[in-house]
Each structure stands twice: as structure tokens, then as C-alpha cells.
Amino acid sequence: MSENRRYLGELLAEFFAVAIIILFGDGVAAMYSLYDPSPYKTAYWGVCIVWGLGVTVAIYATGAISGTHANPAVTLSLAMFRGFSWKKVLPYISAQVLGGFAGAAVIYSLYVPVIDHFNLAHNLTRAVDGGASGVFFTHPGDFVTVSHAFWDELVLTAVLVFGIFAITCQYNTQAPQANSSALIIGLLVAIIGASCGYLDAWAINPARDFGPRLFCFFAGWGQSALPAPGNYFWVPIVAPLIGGPIGAAIYQFGLRPFMPRYLEQTVIVAPEGINPAEPVLVVSNPGDPAFPVVNRVS
């Protein structure tokens, strides 16, 4: 396979990964928000599980091609700490946002009559009241200001990326094996939502929020989507892009050096910085002095 064809496959994989996540995630959000009685109002854990399993399905579907970053905060963190190519960062992020846009469009096509009925029944409009917008994108919860939501998103994304780095670390002997790590990452997303989701709907992913938000801007929500009340739209973009690398750095420098296999592992690094024995999510950094080709403990 040519390099260009392989690269195209990676971008398509990132597009489909986020589209899958939004298909399931926004779908369960519609079930939660638009129906009365809602099947999830007294079973919020079900919403969290569906979001998490959407991530798991996306990883199983696309991980062999691109590593399933499916999140600009993850892509940025991998470039900073695990040798992912910087020239691929913006194309990956663009594909992820487009995937979020497409996933939202599919959910809209399925739920548009229910959305319209919901807004009519509650005397809401899309553009003025943001009626049913919670199906597609996030906003601060009760008693949460925009500035506080920034802190929430920063911390929760740091937790997410910290967990992903721990789960995919080749030196962590307690981490799940490759085929089961997708399930554990999905559960990580679910428990973040279950513990803190009501704060601001736990975007923890700029593509997950901005892609659907951009679609809604063109689908009639207008200023309710962009720039959103209180100009909130930038929070789930900027905060995760700061929080993700912070979480990655905490793992890389706080725990990884103390892993029992860290100084015993033989690491073979490909020219692109990829350890060919591992998926992209565990790319090693060839410029890191802690990654010699052979490193023995005396």
C-alpha cells in the first residue's frame, strides 16, 4: 500500500471513529432529552455507558488503521509525548471535526420530527431558545458559570488522557492487553460522565462538541450554537486542548518512569517514531533519551 493511500485511510478512520461516537452518543442524548417519560431520566448511568461503548466500538472499528485518536486532545498529547507525527496533527483534527459534523447530521435526520415536536410542545425555538440543542452539543449545567466550566473541562480531559496513556502504556504490566483496552477506555469515558457529567455534559473532546455544534449552526440553531450563550463555544475546544497534554504529562513524568519494565524493555523504534509492535496510541518517542534501543538494568 502506498504511503498516500495509507494516510488517506488514517484520515478516513478518524472521520468514521468520531462519527460512530456521535451516532451513539447524540442518539442516547436524544432519548434522554426528547421523550417524556425519558427511558434514562432515572437511569443516567445508561447514558454514560452508551457514550462509553460508542468509543469502544469506534476503537474496534478503526484502531488498526489510525490508532483511533478520535479526539484532538488525544492527538495533540500523542504528538507532544509519544512521537506522533506533528505534520499529521491538523489533518487528523480536521477529519475528527468533520466526523462529528457527519454524525450529528445522521442523528438529526433520524430525530428531526421528534425535535420539532419537542420544541413545539415546550414553546421553544432553535435559534432563540436553543430548543433540543442538548442533543448535539454541550453547555454549562445548573449553577455552573462559563469560567467554572472551563476548569471542569480542563480537569476531566486531563483525567481522560491520563487514563488513556496509562491503559496503553507498554511498560504498565497491569494495563489490559491490546484487544481489551478499547473496552476499558470506553468505561473510562463512562465513569467520567457518571461522576461529573451534569457539570457541563462532559465534552472532553473538541471534535465531539464543535463538529455537531457547527452542524447545528447551519441547521437552524444559529447563535444558540455559535457563539452560544455566554460565548461558551470556545470552552469545550480550548480547555480539552490544555487539559489533555497536562494529563499526559502527569502520567509520562509522574508514573511511567517508575513502571517495573520501564528500564528493562527493549524498544525498537521505526523512522516515524512508531514502535511496530504496538498500536499508534503507544507510540514511543525516538528523541526521548529514556528510550534507548537496548536498555539493561545492571
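Numbers below:
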read-out	value
Any hit, segment 12-29, residues being open to solvent by 10 Å² or more (accessible area, probe 1.4 Å) and not in a helix (DSSP H, G or I)	no
Filter result for A127 (among the aliphatic types (A, V, I, L, M), more than 14 Å from A73 (Cβ to Cβ) and over 17 Å from the mean Cα position of the chain (by Cα))	yes
Unmet requirement for A149, which otherwise passes all of (1) open to solvent by less than 40 Å² (accessible area, probe 1.4 Å); (2) at pLDDT 95 or above; (3) not in a helix (DSSP H, G or I)	(3)
Selection count where residues are part of a helix (DSSP H, G or I) and surrounded by fewer than 20 Cβ atoms within 10 Å (Cβ to Cβ), scope segment 110-135	15
Scope segment 70-107; condition closer than 15 Å to N205 by Cα and not hydrophobic (A, V, I, L, M, F, W, C); matching residues	N71, P72, T75, S77, Y92, S94, Q96, G99, G100, G103
Checking T138 against (1) within 25 Å of A19 (Cα to Cα); (2) in a helix (DSSP H, G or I), the condition it does not meet	(2)
Hey, F162 out of contact with any helix residue (DSSP H, G or I) (no Cβ under 9 Å at 6 or more places or on another chain), among the aromatic types (F, W, Y) and open to solvent by 60 Å² or more (accessible area, probe 1.4 Å) or not	no
Residue match in segment 33-44 (condition: open to solvent by 40 Å² or more (accessible area, probe 1.4 Å), of a type outside the set (D, E), in contact with an Asp or Glu (Cβ under 8 Å, 6 or more places away or on another chain) and in a helix (DSSP H, G or I))	no
Which numbered condition T42 misses (of (1) of a type outside the set (A, V, I, L, M, F, W, C); (2) touching a helix residue (DSSP H, G or I) at 6+ places or on another chain (Cβ under 8 Å); (3) at pLDDT below 95)	(2)
Selection within segment 57-78 - out of contact with any Pro (no Cβ under 7 Å at 6 or more places or on another chain) and surrounded by 22 or more Cβ atoms within 10 Å (Cβ to Cβ)	A58, I59, T62, S66, T68, H69, A70, N71, V74, T75, L78
Given (1) over 17 Å from the mean Cα position of the chain (by Cα); (2) assigned to a helix (DSSP H, G or I); (3) surrounded by 18 or more Cβ atoms within 10 Å (Cβ to Cβ); (4) of a type in the set (A, V, I, L, M, F, W, C), number of the condition A219 does not satisfy	(3)
Selected residue (only one of Q170, Q174 is modelled with pLDDT under 95 and open to solvent by 50 Å² or more (accessible area, probe 1.4 Å))	Q174
Pair list, Cβ < 7 Å and 6+ apart or interchain, from segment 218-234 residues that are under 20 Å from Y108 (Cα atoms) and of a type in the set (A, V, I, L, M) to residues that are part of a loop (DSSP other than H, G, I, E, B) and open to solvent by less than 20 Å² (accessible area, probe 1.4 Å)	A225/F137
Which numbered condition V189 misses (of (1) surrounded by 22 or more Cβ atoms within 10 Å (Cβ to Cβ); (2) of a type in the set (A, V, I, L, M); (3) at pLDDT below 95)	(3)
Residue identified as open to solvent by less than 40 Å² (accessible area, probe 1.4 Å), assigned to a helix (DSSP H, G or I) and among the aliphatic types (A, V, I, L, M) among A203, A194, A207	A207
Given (1) surrounded by fewer than 19 Cβ atoms within 10 Å (Cβ to Cβ); (2) closer than 17 Å to A190 by Cβ, index of the condition L53 fails	(1)
Identity of the residue in segment 89-109, of a type outside the set (G, A, S) and more than 23 Å from G163 (Cα to Cα), that ends up most open to solvent (accessible area, probe 1.4 Å)	L90
Close pairs (6 angstrom Cβ cut-off, 6 or more residues apart or separate chains): in contact (Cβ under 8 Å) with a residue 12 or more places away in the chain in segment 139-155, surrounded by 20 or more Cβ atoms within 10 Å (Cβ to Cβ) and of a type in the set (G, A, S) anywhere	P140/A149; F150/A239; E153/A239; L154/A239; L154/G243
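The values are calculated or read from the model by the stated rules, or taken from the named source; none is laboratory data. Computed from a predicted structure; not experimentally measured. Here the Cβ is made from the backbone with ideal geometry for all residues, glycine too, and neighbour counts use every protein chain on show. Side chains are part of the model used for accessible areas, which takes the heavy atoms of the whole protein and leaves out ligands, DNA and RNA. Shrake-Rupley method; radii C 1.70, N 1.55, O 1.52, S 1.80 Å.
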